[in-house]
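The values are calculated or read from the model by the stated rules, or taken from the named source; none is laboratory data. In this text the structure is predicted, and so the values were computed from the model without any measurement. Here the Cβ positions follow ideal geometry from the backbone for every residue, glycine too, while neighbour counts run over all protein chains shown. These area figures cover heavy atoms from the full protein model, side chains too; ligands, DNA and RNA do not enter into them. Shrake-Rupley method; radii C 1.70, N 1.55, O 1.52, S 1.80 Å.
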Amino acid sequence: IRPQPSIKTAADWAQLMGQPFSVAIDGQLYRVLIEDAAALLDPNLLTRDMWERLGMALGLSPAAALQLAEHVEQAKAAHRVVSSEPLFRNLNDLTDLPGLSKSLVYGVAAPNQPALVDLLAFGNSALALDINNSPVALYRIVHNVNDAKARTLLTWRSQRRLTAEDERLLLGASDLSAPGASAPSAAQQSVKLLKISLSFEDAAVSSQRLQAFVKPTLPAATVRSTHLFYRT
């Protein structure tokens, strides 16, 4: 998608991100959503315990979630022998793990719980979360918050924009920003990775989605990975 030649002003990411908009391409309307992928997780950074909690967040039984974590540890160990590159480069790599069906990876049309496609971003360099934008499931996975704290986070989000002090109160951490300091938003941060979702405007085929992770480098952005999938 390129601006008209007469337009010389750079795109304002702060106004575009998080607000769905429509774009016409060859007569077809598409729904576009641009998000800061820093609010999501790179699966290569997850610990064994986090993988176990991730399995629980996906709806697996405790036993199945434990098996998933063990399978990941075994896959990591085998991969380190042959390569120094990340084990998981895209969502398709995750479908090779025993216990992870494609529905758990890509989700369904009317999901009652998040799928991996909603939680992961390939290329992030840290496990830092965004108190305002990260899925609540990620706080369960990374910080092991209980149901009460998860409900508190959802309630706070519905009332106001949250700060680093709110995150300190929620998690009980002592090494976060001083009270009153604002948690950095996507507009305030130097965006390092974008998640771009493209779907048909027509609700009848909205289960089809094209999703890409893009590094907004200059003079041209770099596409890190792309997935075209259906939620059946």
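Observations on the structure shown:
- Positive-pole candidate from Ala65, Ile34, Tyr106, dipole of segment 27-113, charges at beta carbon: Tyr106
- Derived scalar couplings between HN and Hα for segment 86-102 equal x, 5, 9, 9, 7, 5, 4, 5, 6, 5, 7, 6, x, x, 10, 7, 5 Hz in order, rounded to whole Hz, by the Karplus curve 6.51 cos²θ - 1.76 cosθ + 1.60 (θ = phi - 60°), x for Gly and Pro.
- Qualifying lysines (Cα of each under 23 Å from Cα of Lys76; at least 8 residues distant if same chain): Lys102
- Sites Leu16 and Ala150 - FRET efficiency at Förster radius 30 Å, r taken between beta-carbons, to 0.05: 0.55
- Stretchable slack from Asn92 to Ser225, in nm (0.36 nm times residue separation minus alpha-carbon distance): 46.8 nm
- Label-point gap, in nm, between Ala128 and Ser83 - each point 7 angstrom along Cα→Cβ: 2.8 nm
- Charge context of Pro98, other residues only, Cβ under 15 angstrom, K/R +1, D/E -1: -3
- Largest first, the residues Tyr230, Tyr106, Tyr30, Tyr139 sort by 1.4 Å accessible area into Tyr230, Tyr30, Tyr106, Tyr139.
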